[in-house]
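Worksheet: the structure to be examined is printed underneath.
Please treat every number below as a calculation from the coordinates, not as lab data. Just so we're clear, the structure is a prediction, and the values are computed from it rather than from any experiment. Note: ideal-geometry Cβ built from the backbone for every residue, glycine included; neighbour counts use all protein chains shown.
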């Protein structure tokens, strides 16, 4: 009889081998990293770890030099909390004219976990692309602002200021920021190196067009569905509407968006129902700014910025300039994202309209109108709908405010550069200036939309008056 051979389970041996291999790779990587103790003129050409201590390095070197020089690409320099001190605390920073860390050329350079004290310029980088600065403390006689131009000849520097300017910023920072906001100055992007106001003017029109188109779709479809459901309660139409509303609320936006793209851009390709799956315009469509169309190129400052903002509202631009091709192409590109992002508000509006109409249709004045022989159409639209729209208007306002705050998933799926997508990218890139400015803009938009909704109550309900 053949002998049965019991095979040994190879999993523990394989796991042990993988762990040993990973440990060996880590050890080799640590061995490769330079273990440095800094001195004036140190040149770092590959990833390095700096011993943690205070390095007193001269701050009176020429402006075109650097105490520490980083040269090369794909380099990570971890200072491990080490301090570069050029001018001791308490000395006048104007006496210092040197550079703490100088980055020369290259790409993908990271400077991590450093403390910089007493230099005119803490970090100076020229000709460097994709420079990342993380956990760098330069709070002692440094103003916490980073100027960056991510271009071929980029310049990233932290500029020192007098101690009294630092104290003024710490004491009156909120007032200074509010003053700058009132002047239209929202700061500069840390990642793009250009004014945040300019980025806001470019991205906000995309979100406004998407939000208004989606709410127009949700309102014009949702309110009639709610009225039909209330008029024919417990009928097949009512059940179908409520099932559709529940499905609309439950379906994720990105799933619905991908399904719409597959249906209208793939399955219906080469038919008259084909719709563009992404983008805002076709490549051959010409956009003429309002300033150019109306011969207002001489305008500058705030009027020019306002004209540029409205010029980027392509639907409005097409109507004002008579550019029908621009208007129709923009509308075609907005259909799919508007349906995707407007489905959830549509379902909520339909359910709220149905609930409000059912409540109103059982009131005494409705019974009196029907007893007087008023046609059912008049009872529904003249007496019932107007009073039932109060809670619906609240829902519409909240939904519109949420859409104007940015639809991250929809803008990502349909490749639209709006507020939501820009805010998400800025958060992941730690571009705090853009995050702060866009959050402020979203808050203002939300408050203004709800204020308009409160004012609409006056026209919907005569019992409400402004006093």
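Descriptive notes on the structure:
- Over every Cα atom in segment 346-400, the radius of gyration and the widest Cα-Cα span, Dmax, amount to 12.2, 39 Å.
- Rg to Rh, two decimals, where segment 294-385 supplies the alpha carbon set and Rh follows Kirkwood: 1.29
- A protection proxy built from the mean count of other Cβ atoms within 10 Å ranks the segments 285-295, 192-202, 454-464, 217-227, most packed first, as 217-227, 192-202, 285-295, 454-464.
- Where labels lie 7 Å past Cα in the beta-carbon direction, separation of residue 216 and residue 56 in nm: 7.1 nm
- Cα Rg over Rh - segment 183-330, Kirkwood: 1.09
- Estimated at 0.36 nm per residue, the fully extended path between residue 46 and residue 454 surpasses their Cα-Cα distance by 140.7 nm.
- Cα centroid separation, segment 423-467 to segment 365-419 (Å): 19 Å
- Of the peptides 121-134, 330-343, 349-362, the ranking by mean beta-carbon count within 10 Å, highest at the top, reads 330-343, 349-362, 121-134.
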